[in-house]
Amino acid sequence: MHDADIYCFFVLNMQVGASVIRFVKGKAGSTKEKIEKETGVRIILPSSKQNDSIFIEGTSADSVAKASEEIQRVIDEAVKTASFDYSHFVSLPLAIHPELVSKLVGFQNSILGSSDACIDENPDGNSDGDNSEDSAQEQQLGKESDISVELEVVDDEGSVKVDVSVRPLDSNAPKENEEPKSSNKSDLKIGKSVFIKPQTFHLTVLMLKLWNQKRVDLAAQVLKSTSLRVLDALDNRPLFVRLKGLDLMRGSLAKAQVVYAPAEEIDSENRLLHACKIMIDAFVEAGLVIDKDAKSELKLHATVMNARHRKRGKKGRFSSFNALAIFEHFGSEEWGEYVIREAHLSQRFKYDENGYYHCCASIPFPENISS
């Protein structure tokens, strides 16, 4: 056999993550075909959505290497875009407090005018991931609040009428001949999907795009590595936040898009913000945060109503809702004071048995008050 007859064949298995396969493929396979033509390789995409590997076949190691570099470049660019959704986030669970969950259920039922509590609905309603977390894309909060609160709705759209004479949660029934506070006698139309799921109530620290298991595992390690430093930043003392009233993140009262309940650290020592910065810096240093988010100002928040959770209109836009009556009656609502017990690496669109986002990793916050 002559040397010229020897045929070398090179194969590379790239585990890229199932969520980025569509970007490597491109519209009608255009991106894949372009890379194949430019590098002289054959790219084999997985036939199942559960498979996250791409195979590259070529006649030289150099051509395979060039193709893998180009695929990685495509992925790196794709994850920076809004079309690539966030998959995970660092959260501070608040739904662990039953009294707060009850208040949120009451808030929703008061506005919807029914006992159809969102807490009883299927939390997997929109588990396809079409709805983006607002914390990273839309967290331009008012300057007067350092912390706000975010909740996620993942249920089916249901349109109901809102009675503008709704009352605060702790108010009694109106007395005889007593006029409603609102002068607006018309009804407002708000979909049930605008509301949060009370059992997912949380403060959001950081949004993450973790498109393969390797990055998820690394993120879990990073969070755990911050545990001692976070406890030190909190001075090993419990951390309480106070939730009061409502505020807007986007839009106006007449055309609201995101409504949140402002929160503040009770001792005003900024221990929570310091602890959050430690976690964020660790994720940035590990290369797990996209540039745009790494440069964003920390705005802890938890949304109670979000128009983005509605179905898109004919033009693909999210409609707003009228929040005038809601702010009139709940704008000064006292939600209470609550201890933050832990930080989670949470996975979006997946839920544990308690209804909260699936916990990939967690670190404790101080709970015991030292004597």
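The values are calculated or read from the model by the stated rules, or taken from the named source; none is laboratory data. Model, not experiment: these values are computed from the prediction. Cβ atoms come from the backbone with ideal geometry, glycine included; neighbour counts cover every protein chain shown. Note: areas computed on protein heavy atoms with side chains; ligands, DNA, RNA excluded. Shrake-Rupley method; radii C 1.70, N 1.55, O 1.52, S 1.80 Å.
Observations on the structure shown:
- Modelled label reach - LEU298, point 7 Å along Cα→Cβ, the range 326-370 residues with backbone N closer than 19 Å: 338-346, 362-367
- Separation of the ASP267 and GLU33 label points, Cα + 7 Å toward Cβ, nm: 6.3 nm
- Between VAL11, VAL64, ALA28, the Cα set farthest toward the positive side of the dipole of the range 10-80 (charges on each charged residue's Cβ, about the Cα centre) is that of ALA28.
- Full-stretch length increase - GLN213, LEU324 - with 0.36 nm per residue and alpha-carbon distance subtracted: 35.5 nm
- Taking every alpha-carbon pair under 8 Å whose residues sit at least 6 apart, the range 10-80 reaches a relative contact order of 40 percent.
- Of every Cα-Cα pair in the range 10-80, the percent that sits beyond 13 Å: 60 percent
- Carbon plus sulfur fraction of accessible area for the range 10-80, probe 1.4 Å, in percent: 50 percent
- Maximal additional length on extending the SER102-LEU228 stretch stands at 42.0 nm, based on 0.36 nm per residue less the C-alpha distance.
- Cβ-placed point charges (K, R +1; D, E -1), dipole of the range 231-288 about Cα centre in debye, nearest 20: 420 debye
- The largest accessible area among TRP211, TRP335 belongs to the first residue in TRP211, TRP335, and the rest follow in falling order (1.4 Å probe, all chains).
- Ranking SER362, SER225, VAL304 by Cα position along the charge dipole of the range 220-371, where only Lys, Arg, Asp and Glu carry charges on their C-beta atoms, puts VAL304 farthest toward the positive end.
- Ordering of 320-328, 214-222 by packing is 320-328, 214-222, highest average first (other Cβ atoms within 10 Å, averaged per residue).
- Length released on extending from ALA61 to LYS80, taking residue separation times 0.36 nm less the Cα-Cα span: 3.9 nm
- FRET efficiency, GLU334 to GLN221 (Cβ-Cβ, R0 51 Å, nearest 0.05): 0.80
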